[in-house]
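Notes for the one structure printed next.
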Amino acid sequence: MELEGFDERKLASIKDTIYCPATKVAFHTQQAFWEEQGIKGGASFSGEGVRQTYYPSVKFNPNNGSVMLASYTIGDDADRLGNMSEQERHSFVKSTVGKVHPELQTEGMVASVASIAWGNYKWSAGGCTVHWSDDMSDESNHTISYLEAARPQNHLFFAGEHCSKYPAWLQGSIESALEAVYDIVSKESVSTSFIGGNVKVKQNQLETSFVG
Ligand SMILES: Cc1cc2nc3c(=O)[nH]c(=O)nc-3n(C[C@H](O)[C@H](O)[C@H](O)COP(=O)(O)OP(=O)(O)OC[C@H]3O[C@@H](n4cnc5c(N)ncnc54)[C@H](O)[C@@H]3O)c2cc1C
């Protein structure tokens with residue numbers, strides 16, 4: 001992707017923001033067979049790159065079966081599962097988790113499968129950001145990096161977990177969104193063309209709706 005109109009520090013910040021892949025594979029099962037083994041929630045761990053399996057802690061209508069998050073991976077394991085075709089990924093997870101839960105191999109037990117590989121997902125290219133390449137054991141490096149990611153360029157404002165003190169957490173994305181809104185309303189009148197129109201935002205109008 002070619003980026004124009006950004007200064008060097010902003011381009012470096014974009015380049016140095018690294019995304020971590022993640023995958024999830026969920027099974028819709030005919031029965032919550034794990035409950036017969038006393039499992040009412042929580043997770044188990046398998047090898048072979050499948051990582052965590054999570055059991056629902058809520059009750060579904062038994063006529064509709066149940067759902068288990070058969071596999072949740074990040075990092076190298078997510079790259080490996082993400083590079084498989086959907087069909088390969090589903091079969092691999094079913095046979096690996098099936099070693100812990102042979103019921104999964106019973107004919108018809110898995111009614112359907114859904115999965116997502118965030119590393120290959122067009123609109124995010126990863127599950128979340130990881131700390132930037134600088135030495136993040138020094139807290140001040142992290143602060144400099146996220147403030148740079150969040151720094152507006154002309155009339156373009158940045159928000160998201162990657163622009164926050166808490167990358168990879170919802171809390172970070174919400175705090176960052178609030179900070180970006182604050183930056184926008186701090187300008188008396190901002191003319192923005194990047195959201196598909198020439199929108200005029202008056203400070204006092206927004207202050208009324210956010211604070212009031
Ligand atoms: C598998 C997984 C598990 C997680 N678990 C937790 C957890 O337990 N607790 C927690 O706090 N956080 C968790 N997170 C992190 C949390 O979900 C994210 O930090 C948060 O959703 C990021 O919010 P955001 O608004 O920054 O970005 P996003 O939620 O990614 O929103 C960005 C949006 O922009 C859209 N978009 C991208 N490009 C364009 C474009 N060119 N035009 C229009 N739209 C575009 C995308 O489709 C997307 O909807 C998890 C994330 C993943 C992937």
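The values are calculated or read from the model by the stated rules, or taken from the named source; none is laboratory data. Note that the structure is a prediction, hence the values are computed from the model and not measured. When we count neighbours, we look across all protein chains shown, and the Cβ atoms used for this are built from the backbone with ideal geometry, even at glycine.
Is it fair to say GLU86 is in contact with a Lys or Arg (Cβ under 9 Å, 6 or more places away or on another chain) and not polar (S, T, N, Q)?
no
Report, ordered by the first and then the second residue, all pairs with beta carbons closer than 8 Å, sequence separation of six or more or different chains, a first member in region 118-147 that is farther than 27 Å from LEU81 by Cβ and within 16 Å of the ligand (Cβ to nearest atom), and a second member that is small (Gly, Ala, Ser) and at pLDDT 90 or above.
SER145/SER13; TYR146/SER164
Report those helices (runs of 4 or more DSSP H) wholly inside region 53-170 carrying at least 3 residues which are exposed (fewer than 15 other Cβ atoms within 10 Å of the Cβ).
Result: 86-100, 139-150.
From the list LEU178, LEU156, pick out the single residue that is at pLDDT below 95, outside the structural domain of ILE74 (by TED's automatic domain parsing) and more than 10 Å from the ligand (Cβ to nearest atom).
Answer to the check: LEU156.
Would a scan of region 6-24 turn up a residue that is out of contact with any helix residue (DSSP H, G or I) (no Cβ under 8 Å at 6 or more places or on another chain), in the same structural domain as VAL110 (by TED's automatic domain parsing) and either within 20 Å of GLN105 (Cβ to Cβ) or buried (at least 16 other Cβ atoms within 10 Å of the Cβ) (or both)?
Yes; the residues of region 6-24 include at least one that is out of contact with any helix residue (DSSP H, G or I) (no Cβ under 8 Å at 6 or more places or on another chain), in the same structural domain as VAL110 (by TED's automatic domain parsing) and either within 20 Å of GLN105 (Cβ to Cβ) or buried (at least 16 other Cβ atoms within 10 Å of the Cβ) (or both).
Could you please give the count of residues in region 24-54 that are more than 20 Å from the chain's Cα centre (by Cα) and within 16 Å of the ligand (Cβ to nearest atom)?
2
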